[in-house]
Amino acid sequence: MKQTARIISTYSADVMGVCSALYELGGMTVMHDASGCNSTYTTHDEPRWYDMDSMIYISGLSEMEAIMGDDEKLIADIEEAAKELQPRFIAVAGTPIPAMTGFDYEAAASLIEQRTGIPAFGFPTTGMNTYIHGASMALAGIAERFVRPPEVPVVQGSRIRVNILGLTPLDFSINGTDRSLVKWLKENDFEVVSKWSMGCSLDELACAGIADVNLIVSAAGLGAGRVLYNKFGIPAVIGLPIGPKQSGYLSDAMVRSAEVYRSMRVSGREDDMQGLRSIRIHPNDLDPVHKEEMVVLIGEGITNFSLANAIRFETGHKTKVLCATECPEFILRPWDVIAPDEDDIIPELEEASYIIADPMYQPVCPEKARFISLPSEAFSGRIYRNDIHDLIAHPEIILEQIG
Amino acid sequence: MLKKIDFGKNNREIVIPGVRIAEADFPAPFRSGLEYSSPARGTWNIVHTGMLIPEAHEIYVCAAGCIRGVVLTAAEMGASDRFSTVAVRENNLLDGDMEDLVVDGVTDIINKLPARPPAVLVHTSCVHHFTGVDLDMIYSKLRERFPDIDFADCYMNPIMRKSGLTPDQLMRSRLYMLLKRRPADRSAVAIVGSDLPTREDSDLKKLLAGAALKTREITSCKTYEEYQQMAESTVFISNYPDAVPGADMLAERLEAVHFHLPFSFDPDEIDEGLKQLSQILAANCEPAKAADSYYLAELESVVDSIISEGRSACTEAFEETLSLIGDTPIAIDYTYCPRPLSLARMLLDKGFNVSRVYLDSIPARDKPDFDYLQQNYPDLMLRPTVHAAMRFAHAAADCTQNHCRPQMLAIGQKAAYFENTENFVNIVEGGGMNGYEAITGTLGLMRDAFLHKKPVRDLIQIKGLGCEVCIR
């Protein structure tokens, strides 16, 4: 039966995705919730909680406030806290009960902004989607509100400027993967403008408009990618530089996209923008498979799609991604599957020779397949944090386990 | 207290909230507002508590965001095989099929389990409460489908935390609802409602041993049958305040007696509790014993002995502890035990330098201690734990530790975190102590904490301190 899980975990929810995406930007994020979301987020979803201060709170919604529609309590509480703490922005994200009572996030944000003079957002999350949905929504909101148009002219021949979109600890933990990504970009002669949003300030994100291309590293970056394309025409390439061949393809795709974009900016012709594709997925059908053994990967769409391609390019194995979080189908390959539930996943594992997934999936995996552990903060939280791999720096950790 | 907080370019001063007890309002010293969650995680949650029923399986039916915390609680305690979930999605809210989702989801899970559990705890959530689902129908269907399984209706509806029983009280009551009536065994009593096992050297255990009674406790039950044997008890004894409503319900249902032995640091209150309990035990024991004057005198003697030895041990422990700790400031938080103000009062009366107590509200049971402290120690500071500005208390605490003496001794995990001190007592929910033993035990733990630093960061983030008792 769909929606049941006998033993596996569940992914971090949309409301937590909002918090994670906005964590380092100096804002105040309020989960409109009774209780529980805050401790869940700070314990299982947020590895930065102990060491890095951030203003993440819950509203402490009560039964009577929900029944009576007392939104004023929330707005007044936010106003009081904001007056004292002076955040750069305020975000309100929702949970199941406000979703049921029809809480008007847009109106609440507007009132909060009027009263505090601080930019405010209302993100209508429900606690019933995954973190990808919330993080994407939050980063899109930041892009829409804060990113300024490019004020510097294009200098042909200069290094290509890149925004990294969709970078949160839920997909990349705090094991240095973000730094490895920056290192790879620099080694390939790219200039990193902003990282959405680990190790980056709100002021740095506001400069993202000067970039020539966006690199979307998880589906959490898709919302911001769309906004930056719609506002400025900045194209996006999707994927992670895992393994030498795929990294090369990715770099080529970014250069080609950036060059088209630069031409458009230089020509200044609107119709040149038509030549840009909003999202460019780097080629994934260059190298045919030559091994019949199937490698099945379970998890977030883009990170696993990238790892699947790396396996295919480097080892020649067939791969299939079981995408357990929200991901547009056009990103996945025709044979990949959206599989959020235990009962979606189990039949797909029958043909697997290798299964790459978070250890909390192992109880539902067939014993005949070799299980390769790839923990994800978004699924198992902090339990396997020390075993989460930096696949950009060390793809061999996975690739060498596949014969 | 004003502290400058480093926010890079946006440095600013933030007031760490607090109020002198002389000016504090009862029962809510701080205005309710946005709530912060500190990283101290040692207190138990409803998953830990539910796992105390041996061989039981827990099923949570709620939204993914709510499932997340509980499923990972179970995983962290190594109990994923006793835990399953049914995810409520947006379409369920719109389609009005919540009852079907619970019944079919629970059925699906039970059918997939490798072995049939004797009991299933089904936790519904806020959305079920707000959509008015027919819980009676749900449990009626489940009991019809699975007559060999005992179902407990449990709740994860924190939105109700300010209406009626608190989630903690409710869960403690659910823990015993599966006990079925059995012939009474007048030589047996049960301690109910505590997450942690009652310590063998506690006053309560000493009294029950002295009364030659079989003592049962959920924390020592290894099988579901052992759990059911608790129903044979004639007296149910609670010691933890939040256990009282559930223990009352249990005693009424099984036509037994419930006695609440208050958790207290006040010797007079301790004495009174022990004496009353001995009378209850005498009145409910086997008729032969009740008529045996020797037995009754022996029982009285046991109580007298616990009291005299307890008072004497406390006197020695106070002297030893005070001479070691001296005027070192002490901070206490409410997670250490259910009566933090009683603890503060006792320590202040004995000459200790208690400077801060961390709590967000004051239960009615603590009103006498609150009044006493207001009158006698007006400068004692109360600090909240969930106030929005407490996000910055840890960073603001002066952590320049003197290498010879600790600057602050914390009793409880939250106090340790907010005061940024490694000299702390790492216990939650009273640690299974009670009576005079709780006083001497606390003083012993304070001496140890004064002398030995602990890795706060590593220790306080572990969920459900001591919950290994749940794993069987």
Filter result for the condition that a residue is at the interface with chain A (Cβ under 7 Å from one of its Cβ atoms) and touching a residue at least 24 places away in the same chain (Cβ under 8 Å), over B:105, B:65, B:96, B:78
B:105
Identify, by number, the condition in (1) assigned to a loop (DSSP other than H, G, I, E, B); (2) within 20 Å of residue A:138 (Cβ to Cβ); (3) more than 7 Å from chain B (Cβ to nearest Cβ) that residue A:51 doesn't meet.
(2)
I'm told residue A:380 meets every condition in (1) over 15 Å from residue A:310 (Cα atoms); (2) away from chain B (no Cβ under 11 Å) except one. Can you identify the failing condition by its number?
(2)
Can you confirm whether the range B:255-264 contains a residue that is surrounded by 15 or more Cβ atoms within 10 Å (Cβ to Cβ), in contact (Cβ under 8 Å) with a residue 24 or more places away in the chain and in a helix (DSSP H, G or I)?
no
Go through the range A:16-51 and give me each residue that's touching a Cys at 6+ places or on another chain (Cβ under 9 Å) and more than 18 Å from residue B:69 (Cα to Cα).
A:24, A:25, A:29
Taking residue B:126 and the conditions (1) more than 11 Å from chain A (Cβ to nearest Cβ); (2) of a type outside the set (Ser, Thr, Tyr); (3) on the phi < 0 side of the Ramachandran plot, which numbered condition does it fall short on, given that it satisfies the others?
(1)
Of the residues in the range B:144-166, those that are within 11 Å of chain A (Cβ to nearest Cβ) and not aliphatic (A, V, I, L, M) come to B:157, B:158, B:161, B:162, B:163, B:164, B:166
Hey, does the range A:349-372 have a residue that's in contact with a His (Cβ under 8 Å, 6 or more places away or on another chain), over 20 Å from residue A:403 (Cβ atoms), in the same structural domain as residue A:392 (by TED's automatic domain parsing) and not β-branched (Val, Ile, Thr)?
no
Looking at B:358, B:294, B:372, can you tell me which residue is more than 22 Å from residue B:202 (Cβ to Cβ), surrounded by 14 or more Cβ atoms within 10 Å (Cβ to Cβ) and without any contact (Cβ under 8 Å) to a residue 60 or more places away in the chain?
B:372
Being more than 17 Å from the chain's Cα centre (by Cα), surrounded by fewer than 20 Cβ atoms within 10 Å (Cβ to Cβ) and either of a type in the set (S, T, N, Q) or assigned to a loop (DSSP other than H, G, I, E, B) (or both) is the filter here; which residues of the range B:179-214 pass it?
B:180, B:181, B:182, B:183, B:184, B:185, B:186, B:187, B:200, B:201, B:212
Mind counting the residues in the range A:121-138 that are outside any loop (DSSP other than H, G, I, E, B) and within 14 Å of chain B (Cβ to nearest Cβ)?
7
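Give the residues of the range A:161-191 that are farther than 22 Å from residue A:141 by Cβ, of a type outside the set (D, E, K, R) and either surrounded by fewer than 21 Cβ atoms within 10 Å (Cβ to Cβ) or in contact with a strand residue (DSSP E or B) (Cβ under 7 Å, 6 or more places away or on another chain) (or both), sorted by residue number.
A:174, A:175, A:176, A:180, A:181, A:182, A:184, A:185, A:188, A:190 - these are the residues of the range A:161-191 that are farther than 22 Å from residue A:141 by Cβ, of a type outside the set (D, E, K, R) and either surrounded by fewer than 21 Cβ atoms within 10 Å (Cβ to Cβ) or in contact with a strand residue (DSSP E or B) (Cβ under 7 Å, 6 or more places away or on another chain) (or both).
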Quick one: in the range B:129-143, of everything that is in contact (Cβ under 8 Å) with a residue 12 or more places away in the chain and either surrounded by fewer than 16 Cβ atoms within 10 Å (Cβ to Cβ) or within 14 Å of residue A:6 (Cβ to Cβ) (or both), which residue is nearest to the other protein chains (Cβ to nearest Cβ)?
B:131
Looking at A:192, A:152, A:182, which one is away from chain B (no Cβ under 14 Å), at negative phi and part of a strand (DSSP E or B)?
A:192
Among (1) at pLDDT below 95; (2) outside the structural domain of residue B:262 (by TED's automatic domain parsing); (3) not small (Gly, Ala, Ser), where does residue B:352 come up short?
(1)
For residue A:116, only one of the following conditions fails: (1) among the polar types (S, T, N, Q); (2) away from chain B (no Cβ under 11 Å); (3) without any contact (Cβ under 8 Å) to a residue 60 or more places away in the chain; (4) within 28 Å of residue A:300 (Cα to Cα). What is its number?
(4)
Need at least 2 residues that are at pLDDT below 95 per element, so show me which strands (runs of 3 or more DSSP E) inside the range B:2-114 make the cut, counting only ones lying wholly within it.
B:2-5, B:12-15
Identify the residue in the range A:90-107 that is surrounded by fewer than 23 Cβ atoms within 10 Å (Cβ to Cβ) and closer than 21 Å to residue A:37 by Cα and, among all such residues, is farthest from the other protein chains (Cβ to nearest Cβ).
A:104
Could you list, in sequence order, all residues of the range B:310-338 that are acidic (Asp, Glu) and touching a residue at least 24 places away in the same chain (Cβ under 8 Å)?
B:320, B:327, B:333
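The values are calculated or read from the model by the stated rules, or taken from the named source; none is laboratory data. Remember, it's a predicted structure, so these values are computed and weren't measured experimentally. So basically every Cβ, Gly included, is an ideal-geometry build from the backbone, and we count neighbours across all protein chains shown.
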